[in-house]
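> Mind looking over this structure? Questions follow.
Throughout, read-outs are computed from the coordinates displayed, never taken from laboratory work. Quantities reported herein were computed from a predicted structural model and do not represent experimental measurements. For neighbour counting, all protein chains shown are included, and Cβ atoms are generated from backbone atoms with ideal geometry for every residue, glycine included.
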Amino acid sequence: MAFPSHIFKAYDIRGIYGTEVTEALAYNIGRAFAEFMKKDQGKDTLTLVVCEDMRVSSPPLKKEVIRGLTEQGIDVVDIGLASTPTFYFGVAKYGYDGGIQITASHNPGQYNGFKMVRPAAGPISGETGIMEIRDMVEKGEFPSVEKTGTVTMRTGVIEDEVVYALSQVDISRIKPFTVVVDNANGMGSLVMEKLFAQLPCTLEKMYFELDGNFPNHDANPLIDENNTDIQKRVVETGADLGIALDGDSDRVFFIDNMGETVEPAIVRGMLAQVYLKDHPGGAVGYDVRPGKITEDMILEAGGKPFLTKVGHSLIKEESKKHNAIFSGESSGHFFIKADFGFFEMPALIVLQFLRVISESGKSVREYIEPLMKYAHSGEINFEVEDKTAVFERLKISYGE
């Protein structure tokens with residue numbers, strides 16, 4: 001079938017709904033993903049998780065993905081509305097063979113897409129499957145199967161995710177902070193509501209209503225202007241800190257008590273030190289964007305830092321090679337190693353952050369101020385017409 005090939009990206013599939021991402025494409029992606037996973041896992045009998053985010057276009061796309069999967073003989077477990085971390089948790093914790101989520105992450109409401117994983121929520125990137133799936137969709141030839149797959153609904157995944165996070169941290173050590181949480185009308189509210197119900201903290205909710213049109217601001221806390229509301233609310237209410245999540249809740253940013261965003265590189269270093277206490281000498285990954293303070297904090301705690309490419313799938317793949325105990329990206333992705341997988345767990349990240357600040361006896365600003373010693377510009381992006389050609393020229397000029 002014909003489709004714009006650029007929507008198949010380095011670590012997911014994303015495009016404008018109705019023109020670039022359609023129900024017909026979703027159906028064929030379901031069929032292609034089914035055949036890819038059979039080959040990838042070396043077996044024909046598979047059970048895959050499917051879920052969707054809160055976008056208006058997600059239910060019809062999910063319906064067609066499920067139709068494509070089951071027509072190729074795949075058994076589907078539908079976990080309904082779920083954040084990306086809940087999706088990962090559902091695949092990994094229960095031992096399913098992989099899964100596909102309907103989401104466009106933090107992109108504006110007119111977008112939608114697909115995020116796919118292997119067993120244990122292992123990533124599928126452009127180099128490890130997405131482009132192969134693209135080629136299968138383009139070819140449009142799929143083998144017939146003798147038996148259609150089944151569809152089963154599974155509930156309680158979010159509750160299990162919260163229970164797991166709470167089991168990893170002694171919450172009796174968390175102080176009764178006032179915490180502002182901005183969910184940007186995204187998926188994070190489903191987890192944060194249940195998590196904070198178990199904590200001694202006062203929760204100040206912002207934009208908890210699920211709305212795939214993102215009426216209040218774009219669901220991307222990496223962009224400073226999207227944090228203006230929560231920064232003001234923290235200051236106005238005298239809150240101890242704020243937490244901002246992106247649309248599919250796989251990225252988390254923290255706001256200090258002065259209303260300023262805490263640099264993810266500092267948060268990454270804080271969390272690295274937490275996990276290095278339990279795993280002395282462990283490897284910790286961080287992406288190539290500014291991260292000197294992260295490296296300092298890893299080395300201070302006796303860890304082994306290593307650099308990764310940018311992109312959650314690429315970081316996970318590199319972290320697996322190093323047997324990392326924890327990794328983090330400057331965009332707010334933080335990856336935790338559990339006995340069932342290595343992926344983003346923002347509920348657990350929030351608990352660890354609250355515990356560290358509580359045990360320090362300091363405010364968030366007092367804790368991070370000594371760590372704010374490196375100047376950097378923030379992320380600056382340049383649009384170029386032919387990225388491949390630019391990279392080749394850079395390799396020739398600076399390869400040695």
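> Taking the Cβ of each residue in 97, 211 as the centre, tally the other Cβ atoms inside 10 Å and list the residues starting with the fewest.
On the way: 97 22, 211 17.
Placing the least packed residue first, the sequence is 211, 97.
> When DSSP beta bridges are limited to those with both residues in the chain, what percentage is antiparallel, rounded to the nearest 5?
On the way: 22 of 53 bridges.
Antiparallel: roughly 40 percent of the beta bridges in the chain.
> In addition: Work out how much length residue 310 to residue 392 would gain on full extension: take 0.36 nm times their residue separation and subtract the Cα-Cα distance, in nm to one decimal.
27.7 nm
> Further question: Step through the residues of the range 11-21 one at a time and calculate ³J(HN,Hα) from phi using the Karplus curve (6.51 cos²θ - 1.76 cosθ + 1.60, θ = phi - 60°), rounding each to whole Hz and writing x for Gly and Pro.
Per residue, the Karplus-derived 3J(HN,Hα) values read 9, 5, 10, 8, x, 7, 5, x, 10, 9, 10 Hz.
> Pick from 332, 99, 18: which is most flexible by mean-square fluctuation in a GNM of the chain where alpha carbon atoms under 10 Å apart are linked?
Fluctuation is largest for 18.
> Would you mind pulling out the separation of the Cα centroids of the range 63-88 and the range 147-196, in Å?
So the two Cα centres are separated by 20 Å.
> For q values of 0.13, 0.17, 0.18, 0.24 Å⁻¹, compute log₁₀ I(q)/I(0) with the Debye formula on a Cα-only model of the range 49-151, without solvent.
Here log10 of I(q) over I(0) equals -0.47, -0.82, -0.93, -1.47.
> For a footprinting-style exposure proxy, rank 31, 14 by other Cβ within 10 Å, fewest first.
By the 10 Å Cβ count, ascending: 14, 31.
> Scaled to the compact-protein estimate 2.2 N^0.38 Å, what is the alpha-carbon radius of gyration of the range 160-371, rounded to two decimal places?
On the way: Rg = 16.0 Å, N = 212, 2.2 N^0.38 = 16.8 Å.
Scaled against compact globular proteins, the figure is 0.95.
> Compare 225, 71, 52 in a GNM of the chain, Cα atoms joined below 10 Å, and give the one with the largest fluctuation.
Comparing 225, 71, 52 in the GNM, the peak value goes to 225.
> Sticking with this one: Could you tell me which of rounded, prolate or oblate describes the chain, using a ≥ b ≥ c as the square roots of the eigenvalues of the alpha-carbon gyration tensor, with rounded for a/c under 1.5 and, failing that, prolate when a/b is larger than b/c and oblate otherwise?
Prolate.
> Once you have the Cα-Cα distance between residue 360 and residue 338, take 0.36 nm times their residue separation minus that, and quote the gain in nm to one decimal.
So the chain would gain 5.4 nm between residue 360 and residue 338.
> Would you work out the charge dipole size for the range 5-155 about its Cα centre, treating the Cβ of every Lys and Arg as +1 and the Cβ of every Asp and Glu as -1, and quote it to the nearest 20 debye? Present the calculation step by step, with values, prior to reporting the outcome.
Values: 17 positive and 19 negative charges, 65 e Å.
Value, rounded to 20: 320 debye.
> Using +1 on the beta carbon of Lys and Arg, -1 on that of Asp and Glu, and nothing else charged, what's the dipole of the chain about the Cα centre, debye to 20? Each step should come with its number before you reach the end.
Working: 41 positive and 59 negative charges, 159 e Å.
For this selection, approximately 760 debye.
> What residue among 177, 33, 326 has the largest mean-square fluctuation in a Gaussian network model of the chain, using Cα springs under 10 Å?
For the chain, modelled as a Gaussian network with Cα springs under 10 Å, the answer is 177.
> A further question follows. If you wrap a convex hull around the Cα atoms of the range 1-106, how much volume per residue is inside, in Å³?
Details: hull volume 10.8 nm³, N = 106.
With only Cα atoms used, the range 1-106 gives 102 Å³ per residue.
> Show the residues, 5+ positions off or on another chain, whose built amide H is closer than 5 Å to the amide H of residue 243.
Residues meeting the criterion, in which the H sits 1.01 Å from N, are 180, 181, 182, 255.
> Which helices, taking whole DSSP H runs in the chain, have alpha carbons extending 30 angstrom or more along the helix axis plus mean Kyte-Doolittle at least -0.5?
Details: long enough: none.
Passing helices, by number: none.
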